[in-house]
Amino acid sequence: MIDYLSSLNEPQREGVLNTEGPCMIIAGAGSGKTRVLTYRIAHLIHEKGVDPFNIMALTFTNKAAKEMRDRIETIVGHDARNIWMGTFHSVFARILRAEAHHLGYPSNFTIYDTDDSRTLIKNIVKELGLDETAYKASTVHNRISAAKNRLIGWQDYLANAELMADDAANMRPEIGKIYRAYAMRCFKAGAMDFDDLLFNTDKLFREHLDVLNKYQHRIHYLLVDEFQDTNLCQYYIIRKIAAVRENICVVGDDAQSIYAFRGADITNILNFERDYPDLRVIKLEQNYRSTQNIVNAANSVIRKNRAQLPKNIWTHNEEGSLIELIKAVSDNEEGRLVASSIFEEKMQHQLKFSDFAVLYRTNSQSRAIEEALRRMNIKYKVIGGLSFYQRKEIKDLLAYLRYAINQQDEASFRRIINLPKRGIGNATIDRIIVAANDHDLPIWEVLKHADQFLGNRLSGPISDFVAMIERFSLEVQRKDAYSAAFEIAKGSGLLRELYEDKTVEGLSRYENVQELLNAIKEFVDDPTREDKSLNAFLQEVSLITGQDEDKDKDPDKVTLMTIHMAKGLEFRYVYIVGLEEDLFPSQMMLSSRAELEEERRLFYVAITRAQKRLFLSYALTRYRYGRLKNCEPSRFLDDIDGRYVKLTTRQSVYESSGGTNYARSLVRGIQKTVKSTPKPAQPVHVPAADFEPSDTSGLQQGMKVEHPKFGYGVVIQMDTSGADRKARIQFDNFGEKTLLLSFAKLRIHE
């Protein structure tokens, strides 16, 4: 038996032992929250005798859930497998599989991913005769998703005058109608999207109190990881489940709440005590990850936010090196400087490439970094690119597997009906959909009676398709996931078509399908799994998150990723690039103080990924949207206490040979001097000695203003719609800037 308590500090031990009643553990970055959650569950089982079937632990990634389960299993044994543990979506999908009939869904309902949802929305927009440019599938889907996360169904949406007026103002007045059609088509297809897994769980508990009562008495202890990332719907569900015993423990850090764009609501953690007045609050403030300089720098940044729970993160780790600030002439030079720094640090300190990570605000920033790394023959991987399970050939086979299980699945039907080609074109598919809608029948019924609805000319190929699917359906019922999947891949003709394509791309697609079959075989061969059915495999695949998929066969590579993707990870050396105004913070996140504070939390998250060394970089010019723009260093650089930062003396290292000569000289210990790219003339404004900011409460369009850095300009637009007033200003030498008036130091000139 592992003595798990001896390795804990006092607040961690308190978080493990105090298991009764509501509890909030505020876990600073690198403070060991996973250990506390793990040991708390182990303590419930081993010391308090709680049945694992009565414990529910909710996370945001399957990877985190697996790590916790494995750790618990080393302490309490195989009983850990009986815990209700997984992501919100996977655990609630499990509940819905058992209870879906209460809502009129089949237990084998299909789970639509984002691509499936947007394809269906695109079809609905087309069928309604709406402008596909105005009603882009991604825009409509995001609007519907946001509504569901706020527990607004299509009926409430259409009845909400404010939402309808907002849609009309945005020139998309028919979104409510699309939402209704989308919800009804999903229901008819026996399908739920990701948001439905939450929305329908809440609906199930609201409308069927007997079902809610069953789970309230089944779940004695509820634990929630990354609580700051929960949305309104998730919070309502966990409150309902925990309402009887109130043994609810939430773990999170408000300073790391960075997913508002996905619906996360920081007020859930900020106001948690209002809902539980007898709440026990435990603060994990000792950082075990980073050096003192990195911890202190992060503290100085997050201290600038107003909306936060007070905490003081500290560490006993070494003081460490100062944070290095890299100033580059252009985004391309920034890439070269970062690549040179990575190579130099690796060689000087005998590191691995996997010790390094480059983090950026937007995916497009990876281009310059990738090019520079390739020139120096530095291996790297980009996290967050095209997912394996989003590749066309993979989605094609998955659609066949899904349709073999659920013949009401419209999205899968559309994907496979003429794949491989069997003489059933788009016009025929449209006729099938229209017939199903006109007669209020499932598509499958129309297919089975094709001669009646479509005429004898089309009934031949369709009848062959129906017979094939019926055969596949029998395979699914009789065989395990791998055997059934292999028969479907072969019987559908997909494997043969890919095998016969001898191009490089064709070979790659064939190998990808084989890899999918390998994954299904691995699933079936796992001795810990009781359910080896194809349905169980498809549910697991449909709920895979971005971080769960990283299975690189050569792990020794520099990691490139957005800061949002880096949440929960750590690296010895971290480079945060593109620290410029309008890029980080993003120009899209400056309309209110709440948005700006979320951007600052994102910067805090980036800083706290670093263990030993942290490098920050910005460029004076950058190509954006096809234009070369002058850039200003990010305001977040000013947030860092200057005691923890130094300006680097690194020089640009660029040679047409790809940097190999420079690399060799470093290995030999030879210092090579390379002239840096000449800097373009940069306009500089020097304000007068008596410069004082004016009261901007009366600032109006057309007024002339002076900024201490940008110089003179004219206000071309005012925005007073948000909590913080903004002004769009055309500066003489720095172009157009949008400034928050509560932060900008402007002097008004008459």
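The values are calculated or read from the model by the stated rules, or taken from the named source; none is laboratory data. Since we're looking at a predicted model, the values are computed, not measured. Neighbour counts are summed over all protein chains in view; Cβ atoms, including those assigned to glycine, are modelled from backbone coordinates with ideal geometry. When the accessible area is computed, the model is the full protein with side chains, heavy atoms only, and any ligands, DNA or RNA have been set aside. Shrake-Rupley method; radii C 1.70, N 1.55, O 1.52, S 1.80 Å.
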In whole Hz, with x marking every Gly and Pro, tabulate ³J(HN,Hα) for segment 529-541 from phi via Karplus 6.51 cos²θ - 1.76 cosθ + 1.60, θ = phi - 60°. 8, 8, 8, 9, 6, 5, 4, 5, 5, 5, 5, 5, 5
What does the accessible area per residue of segment 46-139 come to in Å², with a 1.4 Å probe and no ligands, DNA or RNA counted? 43 Å²
Links that overshoot a 24 Å alpha carbon limit, given the list K283/K304; K122/K737; K567/K629; K381/K532; K352/K395; K395/K532: K122/K737; K567/K629; K381/K532; K352/K395
Let me see the P(r) profile for the chain: every Cα-Cα distance counted, bins of 10 Å, each bin given as a percent of all pairs. 2, 12, 20, 23, 21, 14, 6, 1, 0
Give me the distance in nm between label points sitting 7 Å out from Cα along the Cα-to-Cβ direction at E246 and S321, one decimal. 5.2 nm
Links that overshoot a 19 Å alpha carbon limit, given the list K327/K646; K126/K177; K126/K421; K521/K557: K126/K421; K521/K557
In segment 238-319, the GluC sites (Glu not before Pro) that sit in a DSSP loop and have at most 12 other Cβ atoms within 10 Å of their own Cβ are E318, E319
Sparsely packed trypsin sites (Lys or Arg not before Pro) within segment 477-572, loop by DSSP, other Cβ within 10 Å at most 13: K502, K551, K553
Loop-resident GluC sites (Glu not before Pro) in segment 438-532 with no more than 13 other Cβ atoms inside 10 Å, DSSP not H/G/I/E/B, are E530
So the angle from the long Cα axis of helix 426-438 to the longest Cα principal axis of the chain, reported in degrees to the nearest 10, equals 70 degrees
Keeping the other protein chains in place, figure out the carbon and sulfur percent of the accessible area of the chain, with a 1.4 Å probe. 48 percent
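For the chain, what is the relative contact order in percent, using Cα pairs closer than 8 Å and at least 6 residues apart in sequence?
Values: 1212 pairs, mean separation 112.7, N = 750.
Over the chain, the number comes to 15 percent.
Can you tell me how segment 188-291 classifies by the Cα gyration tensor, rounded, prolate or oblate, using a/c under 1.5 as the rounded cut?
Because a/c hits 1.5 or more and a/b fails to exceed b/c, segment 188-291 counts as oblate.
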Might you tell me the accessible area per residue for segment 701-750, computed with a 1.4 Å probe and given in Å²? 54 Å²
Could you give the angle, 0 to 90 degrees to the nearest 10, between helix 114-127's Cα long axis and the longest principal axis of the Cα atoms of the chain? 70 degrees
If you average the C-alpha positions of segment 214-232 and of segment 491-507 separately, how far apart do those two centres end up, in angstrom? 46 Å
Remind me, relative contact order of segment 244-352 in percent, using alpha carbon pairs under 8 angstrom and six or more residues apart? 22 percent
So in the chain, what percent of DSSP beta bridges are antiparallel if you round to the nearest 5? 35 percent
What are the residues whose amide H is under 5 Å from the amide H of T19, where those residues sit 5 or more places off or on another chain and H is modelled from the backbone? none
Contact order normalised by residue count of segment 553-634, Cα under 8 Å, 6+ apart, percent: 39 percent
